[in-house]
Structure formats: structure tokens, C-alpha cells
1. Restricting to region 65-85, name every residue that is over 17 Å from the mean Cα position of the chain (by Cα) and among the aliphatic types (A, V, I, L, M).
2. If ASN96 satisfies every condition in (1) closer than 30 Å to SER150 by Cβ; (2) at pLDDT below 95; (3) surrounded by 13 or more Cβ atoms within 10 Å (Cβ to Cβ) but one, which is the exception?
3. Considering only residues of region 34-47 that are open to solvent by 70 Å² or more (accessible area, probe 1.4 Å) and modelled with pLDDT under 80, which is nearest to ASN126 (Cα to Cα)?
4. For region 59-88, give me the residue count where each residue is more than 18 Å from LEU221 (Cβ to Cβ) and of a type in the set (Ser, Thr, Tyr).
5. Can you tell me how many residues within region 198-246 are part of a helix (DSSP H, G or I) and touching a residue at least 12 places away in the same chain (Cβ under 8 Å)?
6. With LEU228, LEU136, LEU221 as the choices, which residue is open to solvent by 40 Å² or more (accessible area, probe 1.4 Å), closer than 28 Å to PRO124 by Cβ and modelled with pLDDT of 95 or more?
7. Kindly indicate whether any position in region 113-124 is in contact with a Lys or Arg (Cβ under 6 Å, 6 or more places away or on another chain) and surrounded by fewer than 18 Cβ atoms within 10 Å (Cβ to Cβ).
8. Report the residue count in region 102-143 for those that are farther than 25 Å from MET225 by Cβ and either aromatic (Phe, Trp, Tyr) or touching a strand residue (DSSP E or B) at 6+ places or on another chain (Cβ under 8 Å) (or both).
Amino acid sequence: MVGRLLARGMLAGCAAAALAFLFARIFGEPQVALAIAFEAARHAGDASHAHHAAEPELVSRTVQAGYGLLTAVVLYGTAFGGIFALAFSYAYGRLNTWSPRALALLLAGAGFLTFVLVPDLKYPPNPPAVGVPATLAFRTMTYFVMIGLSVSVAAIATLIGQKITQLRNTWTGTLCGAGIFIVLIALVQFGLPDVNEVPEGFPALVLWRFREASIGMQLVLWSTMGLLFGVLATRVLTEQSSSARQ
């Protein structure tokens, strides 16, 4: 059954990625084009960047915004769809009071919060022309550290919440777990270094809309994956239950 759920999780992730790609093309790519135009205008009169114009373009913008973006999003969605299915398989055996659809939506919300929203609040995504190339490795490292800490804090808060639920009740355990998560995440974000590399004169509206599009793309992916996987998982579990009764 786990194998069947894994296959359906990857399928749901792939389908969700297709919708996320359409969202990114409509709302994200125009902001990327504006950011690239800003960068080109800023470097037009800079002699130190003049040699870049003569360099051949390895991957065209058309490919980047089309097949390149689609490939990256589909791989991302399929991978997380598989992880999502494994997490669902683990949780469903321990939370049988939840229906498959409700549990899938709960896990999708938790995944979006842990892997996307919390890390992006500390290190939001930036369009081209924002950021210094020399600090790329540092910014990448701090972002993945933030994801790892977010996952760890979520696991700690969940375990503590479950213990309190066993001692008290579900409502108290949920509130305590959420409170612990918020406090620990606040401490983590306060302790990690800030990154502020927005160049002078960069349009604030472009930056804001790019970050909105990035969050919206992830929201489309995770919500669609949760909804679609819930339907597919319900069918698998129903068939499994029918076979067991026979």
C-alpha cells in the first residue's frame, strides 16, 4: 500500500507542479523580466560589466521561462509529492481519526508552513539584480539552514504537543505546540544573520510582486498536492479496506 501511495503522491506532485508553472508564468515571469531590464540598464554604462554583453547566452530567456522553469518545477513537485506520500503513510497509521482528505490537507498546510513560509519570512526569494554574486554561497547556506531548523522546530513542537495532549486534552496540546513553535522560530530567526542586498533604486513594487508570486506559486503547489493526493489516497485506502474484508 505504501508503494501505491508513493506513486500517487508523485503523480499529485507532478500535476500540482503543472498548475504552479502556469501561475509562475502568469504572475512571476513579468517581474523577472522587469528585474532583468533594471539590471541591464544599471550595467549599461558600467565599463566593468561591458564584457558581459559579448559573452554568448548559454540558455535563452525563452528556454528559462518555458521548458527550463517547467522542468525545475515538475522535478520539485514530484520529489515533494513522494516525500508527502511517505509522511502521509506514516501519519495515517497513527491518526486514524482523521479522514485521508483531511489528513492530506493538514500535512500540505504543515509542509507549506515549514518548508516555504517560515524560511521565506527570514530569507525571502529575490528576482534577478537583487543580491551580490560573491555572497551567493553564504545566502544559499543560510537559507537551507533555516529550512532545517524550521523542520526541527516543527518536530519538537509536535512531539511536545502530543505529550501535552496525552496529559490534558487535544485543544491544550494543540495550543501549546503552536505556541512553542512560534517562540522557537522567533528565536531562530532572530539568531540567524540578516541579508540585505537590494541595490539602490530597485523598484520596490517589482520586488514585492515577485515575492508575492513566489509565495503564491508555492501555495498553489502545496494546496493542489494536498487536495489531489487526498482524493487519490482515499481510493487506495478504500480498495485496501474492501480487499481486507473479502
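1. Keep residues of region 65-85 that are over 17 Å from the mean Cα position of the chain (by Cα), which gives 65-68.
Matches in region 65-85: ALA65 only.
2. Here ASN96 clears every test but (3).
3. In this case the residue turns out to be ARG42.
4. Qualifying residue count, region 59-88: 3.
5. Narrowing region 198-246 to residues part of a helix (DSSP H, G or I): 204-245.
Filter again for touching a residue at least 12 places away in the same chain (Cβ under 8 Å), leaving 206-207, 209-234, 236-237, 240.
Residues that pass the stated criteria total 31.
6. So the residue among LEU228, LEU136, LEU221 that is open to solvent by 40 Å² or more (accessible area, probe 1.4 Å), closer than 28 Å to PRO124 by Cβ and modelled with pLDDT of 95 or more is LEU228.
7. yes
8. Looking only at that region, the number is 1.
The values are calculated or read from the model by the stated rules, or taken from the named source; none is laboratory data. Just so it is clear, the structure is predicted and the values come from calculations on it, not from any experiment. Cβ sites come from the backbone with ideal geometry, for glycine too, and all protein chains shown count toward neighbours. The protein model used for the area step is the full one, side chains on, heavy atoms only, and it has no ligands, DNA or RNA in it. Shrake-Rupley method; radii C 1.70, N 1.55, O 1.52, S 1.80 Å.
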